[in-house]
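One structure is given here, and the rest of the page talks about it.
The values are calculated or read from the model by the stated rules, or taken from the named source; none is laboratory data. In this text, all values refer to a predicted model and were calculated from it rather than measured experimentally. We place every Cβ from the backbone using ideal geometry, glycine too, and count neighbours over all the protein chains shown.
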Amino acid sequence: MDIYLIDLVTQSSFTEIAALLVLAAAMGFVGLLLRQPLIVSFIAVGLIAGPSVLNIVHSKDEIELLSELGIAVLLFLVGIKLDVKLIRSIGSVSILTGLGQVAFTSLFGYFIGLAIGLGHITSIYVAVALTFSSTIIIVKLLSDKREIDSLHGQIALGFLIVQDLVVVLAMIVLSAIGIGAGHGDAADDNSVWRIVFTGFGLLLFVFLFVRYIANPLTQRLAKAPELLVIYAIAQAALFAAIGDQVGLGMEVGGLLAGVALASTPYRESIAARLGPLRDFLLLFFFIALGATLDLSLLGAHIPGAIAFSIFVLIGNPLVVMLIMGTMGYRKRTGFLAGLTVAQISEFSLIFIAMSISLGHVQQDILGLVTLVGIVTIAASTYMITYSHQLYNFFEPVIGLFERAETPREQSIEQHQTDNHTVIIFGLGRLGTAIASRLKDNGIKVLGLDFNPDATKRWQLLGLDSEYGDVTDAEFLAELPLKHAQWVVSTIPHYHTGVSSEDIRRTIVQLTRSSGFSGKLATVSQNKTETEELKLLGIDLVLEPFQDAADRASELLLEGITIQSSNAVN
């Protein structure tokens with residue numbers, strides 16, 4: 001009887017999860033038709049599945065567990081992007097714009113909160129939550145528009161990094177504020193000192209890990225890519241668990257786990273492979289969120305949500321345009337960059353959820369911020385998608401955001417660095433030989449391979465190389481394909497578990513969708529493959545064995561001709 005009850009509960013939980021996934025797929029399809037990002041669809045799933053509509057969320061422990069793991073992975077991916085070298089290179093415009101936008105949104109958001117009747121503490125929390133823009137949405141939309149490598153795209157990525165740093169500091173401060181909550185003064189003092197020493201200890205471990213362990217460990221793990229991904233998930237979960245146990249919070253632990261791997265050459269590959277897992281697990285965060293919201297109580301927050309939404313949609317772009325115009329950028333660059341911050345992010349909801357768990361904010365405030373998230377994310381998606389049309393419409397009235405001279409962009413145009421002319425997939429003997437000869441002729445080449453030893457050999461030869469999977473769409477979207485003239489694939493036919501034709505078709509599709517407009521070249525083993533590859537749209541087909549045989553025959557024939565001539569003479 002007991003076994004039957006356990007089986008029934010398990011079956012019920014599994015059926016519930018299956019129903020939620022079907023609902024998520026359906027809402028995702030609707031969102032796709034409306035050109036909305038998955039986050040909007042996921043929020044809608046949470047609201048529909050919650051108690052106010054279908055009320056199908058009953059396995060709260062299981063969903064909460066998946067939700068917490070999703071948050072850990074999400075913050076791990078934020079941390080893995082916080083490379084110190086990258087932060088140093090983002091420039092003054094990203095720092096000033098990012099900090100200026102955060103300060104502006106926090107200050108005026110606080111006063112708006114007071115104006116609509118929120119308390120001082122609640123207004124502070126809501127104002128800080130409104131400062132976070134969604135990196136996931138912005139990068140996805142800019143990549144789809146092939147503007148990730150544009151000037152405004154690079155500036156946007158720069159101040160997103162600044163915002164991520166603010167996220168880190170805000171969550172650390174929030175965790176510190178929550179230390180010892182509910183305890184007496186003595187217990188509180190002990191908890192504070194314990195968390196301080198534990199925090200410094202964890203930071204010291206991360207520093208030593210980055211300095212001595214991260215690179216050799218990931219290089220060894222990268223030889224088995226699946227193991228590298230499993231290790232990354234394990235590290236995210238472990239650090240999150242440690243952070244939760246010592247009082248820092250799972251969020252801070254997950255962030256530090258990512259920071260520990262941020263300086264490794266495999267961070268982009270790890271981030272690309274964990275992206276789909278992050279999206280899947282975040283679904284359960286929004287389901288758990290929806291299960292706590294009562295839609296009947298959200299009506300009272302509609303006026304406040306409208307006020308905050310208008311503020312985010314209009315105020316954030318204006319402050320970015322003002323700062324960039326003052327620094328000497330053109331109004332067009334400032335306008336396009338400013339539109340990218342016209343929304344709040346999933347971190348805003350996580351931040352408010354943390355404040356609720358500490359008892360600083362009432363539960364209904366989560367509904368308010370959720371409404372703001374739905375409105376701003378949905379609206380900003382269209383704003384970014386049709387950014388150029390919007391600029392043409394507003395161009396006559398935004399001249400005050402541009403100085404008489406634009407020295408910043410002139411300087412950038414004069415000192416713009418060269419891009420790679422040729423990108424080679426596969427760093428074996430053929431790829432290395434091609435790259436070496438191109439380099440000798442002054443051609444700038446970038447090589448990509450999923451073998452860490454191959455990328456290291458290229459670097460020792462003085463050739464630019466990156467570790468990554470060329471069949472990964474997210475990885476390819478971040479490559480400098482826009483200005484390359486050739487993409488050359490030397491990947492052999494026995495690469496991975498699929499046929500070479502499948503790999504080459506994937507390469508054609510992904511490179512074109514990532515903004516590559518140059519020519520494609522790949523290897524072939526025989527004449528039949530050559531004809532098939534040309535039908536795929538490949539411009540140049542290389543036949544290494546046939547080409548080598550042709551060259552060898554030419555050399556032999558030259559030798560035979562010379563010998564024959566000497567014999568006659």
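For the stretch 304-332, which residues satisfy the criterion of being among the small types (Gly, Ala, Ser) and within 26 Å of the chain's Cα centre (by Cα)? Step through it out loud before you land on a result.
Taking the stretch 304-332 as the starting set, the residues that turn out to be among the small types (Gly, Ala, Ser) are 304-305, 307, 309, 315, 325, 328.
Residues satisfying the conditions are SER309, GLY315.
Assuming SER309 fulfils every condition listed in (1) within 18 Å of ILE136 (Cα to Cα); (2) in contact (Cβ under 8 Å) with a residue 24 or more places away in the chain apart from one, which condition is it?
Every condition holds for SER309 apart from (1).
For the stretch 421-489, which helices (runs of 4 or more DSSP H) that fit wholly inside it have 1 or more residues that are of a type in the set (Ser, Thr, Tyr)?
It comes to 429-440, 452-460.
Check the stretch 145-161 and report whether any residue there is within 30 Å of ARG35 (Cβ to Cβ), among the basic types (Lys, Arg) and either surrounded by fewer than 14 Cβ atoms within 10 Å (Cβ to Cβ) or modelled with pLDDT of 70 or more (or both).
Yes, the conditions are met somewhere in the stretch 145-161.
When you look at ILE43, is it over 22 Å from the mean Cα position of the chain (by Cα), assigned to a helix (DSSP H, G or I) and touching a residue at least 40 places away in the same chain (Cβ under 8 Å), yes or no? It would help to see each step written out before you state the result.
Values: over 22 Å from the mean Cα position of the chain (by Cα): no; assigned to a helix (DSSP H, G or I): yes; touching a residue at least 40 places away in the same chain (Cβ under 8 Å): yes.
No: the conditions fail for ILE43.
For the stretch 246-259, does any single residue satisfy the condition of being at pLDDT 80 or above and surrounded by fewer than 19 Cβ atoms within 10 Å (Cβ to Cβ)?
Among the residues of the stretch 246-259, not one is at pLDDT 80 or above and surrounded by fewer than 19 Cβ atoms within 10 Å (Cβ to Cβ), which makes the answer no.
Assess whether ILE374 counts as being free of Cβ contacts under 8 Å to residues at least 12 places away in the same chain, surrounded by fewer than 22 Cβ atoms within 10 Å (Cβ to Cβ) and touching a helix residue (DSSP H, G or I) at 6+ places or on another chain (Cβ under 7 Å).
No, not satisfied.
Tell me, which residue of the stretch 269-303 that is within 19 Å of the chain's Cα centre (by Cα) and not hydrophobic (A, V, I, L, M, F, W, C) is surrounded by the fewest Cβ atoms within 10 Å (Cβ to Cβ)?
Here the answer is PRO276.
In the stretch 504-563, which residue that is among the small types (Gly, Ala, Ser) and in a helix (DSSP H, G or I) is modelled with the lowest pLDDT?
It comes out as GLY559.
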